[in-house]
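What follows is a set of notes on a single structure, which appears directly below.
FYI, it's all coordinate maths here, none of it is from the lab. Note that the coordinates shown come from a computational prediction; the quantities given were computed from them, not determined experimentally. All Cβ positions, even for glycine, are placed from backbone atoms using ideal geometry, and neighbour counts span all protein chains on display.
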Amino acid sequence: MKRFGQIIKIRPEKLEYYKKLHAEPWPDVIAKIAECNIRNYSIYIHNDLLFAYFEYIGTDFKADMQKMAKDEHTQRWWKETDPCQESLSEDGSEWWLTMEELFHC
């Protein structure tokens, strides 16, 4: 199992909509997350930053993320959530920035 921490900025004018979406996530999207070997997925907010934490239990993260990206329900979900977010990536190469794990107890 590998733990992931990721961060992205939330657009203040989209915050309430983003909260509403996540208060009632689409069942097909939740099922795909589980199918792609992600467990204990949480998103936290502080000011204008979103922090995501999840655990990956699979053996091929890249393949599982490609499978998720090809899913039509997930693509529709991202069309709703992506405009609410703003990447912190300097070169635009990552949407959610994956953070280095510094400590775990």
For the chain, built as a Gaussian network whose Cα springs stay under 10 Å, the top-fluctuating residue of Tyr44, Tyr56, Tyr18: Tyr44
Cα-based Rg of segment 2-99 normalised by 2.2 N^0.38 Å, two decimals: 1.05
Farthest positive-ward along the chain dipole, Cα basis, beta-carbon charges - from Ile57, Leu102, Ala69: Ile57
Relative contact order, percent, the chain [alpha-carbon distance under 8 Å, six or more residues apart]: 43
Cβ charges +1 (Lys, Arg) and -1 (Asp, Glu), total dipole of the chain, debye: 240
Pairs of Lys in the chain closer than 23 Å at Cα, counting only those 8 or more apart or on different chains: 20
Inverse mean reciprocal Cα-Cα distance (Kirkwood Rh) of segment 55-105, Å: 13.3
For the chain, with +1 on Lys and Arg beta carbons and -1 on Asp and Glu, the positive-most of Ile45, Trp26, Pro12 along the dipole: Trp26
Inter-part distance where segment 59-76 and segment 1-55 are each reduced to a Cα centre, Å: 15
